[in-house]
Amino acid sequence: MSVPPGQSPVPVEGNGITPFQQMVASCSGALLTSLFVTPLDVVKIRLQAQKSPFPKGKCFVYCNGLMDHICVCTNGNSKAWYKAPGHFNSTLDAFIKIVRREGIKSLWSGLPPTLVMAVPATVIYFTCYDQLRAALKVRMGSHAEEAPLLAGALARVGSVTVISPLELIRTKLQAQRQSYRELSEVIRSAVQTDGWRSLWRGLGATLLRDVPFSAMYWYNYEKGKVWLCKHYHTREPTFAITFVSGAVSGSIASIVTLPFDVVKTRKQVEIVELQAMNLSPRASTSTLSVMSRIVAENGIRGLFVGFLPRLIKVAPACAIMISSYEFGKAFFREHNQESLRASLQTSNT
């Protein structure tokens, strides 16, 4: 099929989707994921604060469904978004009481600042994955089925490397109770003290968790999607197929990489809490040393702490993100095909 003069050809890589449209689809998916998952984590943190109040300088992990963030308590429980007024008897009770007393907006407390990094990182990640998968499929020949595994790993390395300094800087600003106006001073101080490599501190632990997760996730997702399409005799995956494939593949990847998630979180929390108290981090904060310490203190089971909460959070987040992304791509694909048909009809008349 020829393209009329003056009509820009649509890239074939994404089945008729431009890279910009891929970015829009992933951005929409990221926003939807955050809107659905954030309330679950806000309630979890409030219940946690009720059982064990956060003292000044302590940290808690907050996740908007896209990224984990370390938040520092500057004044105990005085900050509204993790303060727990009254008493919550259960998760449902917490939802109801928070909405009644503080309004529905409080369920999305802490979301705006984290989206500043989470959405761009997700856009980079998903767009890079699709572009890399298409390029690798062509080059890998008979091994094209393994393209999602390699593409997922490479895309995650890129997105994590780009976003790691921003996450570290944001956490330092919180720990040292400084404003974003003092951002340049924080960067200059970090570079002068520890060099440019300090901006990527903790990158190794993050990569150890996120790269295997991403590789397994995309490989299992693509395989599961193909299998379900064959099972239900459909050429194109439906919203339900992508949702189930995303949830299952995300669950498998989260279980396998859980020890690295535990180590990464422990390492980050230790560093940030010491920074908040103006103390130097431990001399040995390597991934292996943290893992050895966890095993020594709690045994092998210590590496699998938080199994159920992580699974409950990751499975729906992966399912919502990938199904929204695929829906967005399908929408743009249909739009491009209709535009091309209209252009052809116009040129033929």
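Lys and Arg at +1, Asp and Glu at -1: add these up for the other residues within a Cβ distance under 12 Å of S251 and post the number.
On the way: positive: R310, K313; negative: none.
So the surrounding residues net to +2.
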Exercise. Extension gain I255-R188, at 0.36 nm per residue separation less the Cα-Cα distance, in nm?
Worked result: 20.2 nm
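By how many nm would the segment from S343 to L31 grow when fully extended, if each residue of separation counts as 0.36 nm and the alpha-carbon distance is taken off? Write down the numbers at each step before the final one.
Working: separation 312, 0.36 × 312 = 112.32 nm, distance 3.29 nm.
Extra length available between S343 and L31 comes to 109.0 nm.
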Seminar exercise, completed: With a 28 Å threshold on alpha-carbon distance, the violating pairs from K51/K313; K225/K313; K264/K329; K223/K267 are K264/K329; K223/K267
Seminar exercise, completed: Extension length gain for Q48 and R235 (0.36 nm per residue less Cα distance), in nm, is 62.7 nm
For this session: Calculate the length of the line joining the C-alpha centroid of region 86-150 to that of region 218-243, in whole Å.
Result: 21
Problem set entry | Rounded to the nearest 10 Å², the accessible area of H335 at probe 1.4 Å | 90
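The values are calculated or read from the model by the stated rules, or taken from the named source; none is laboratory data. Treat the numbers as computed from the prediction; the structure is a model and nothing was measured. In this analysis, Cβ positions are derived from the backbone assuming ideal geometry, glycine residues included, and neighbour counts consider all displayed protein chains. We work out accessible area using only protein heavy atoms, side chains counted, and drop any ligands, DNA or RNA first. Shrake-Rupley method; radii C 1.70, N 1.55, O 1.52, S 1.80 Å.
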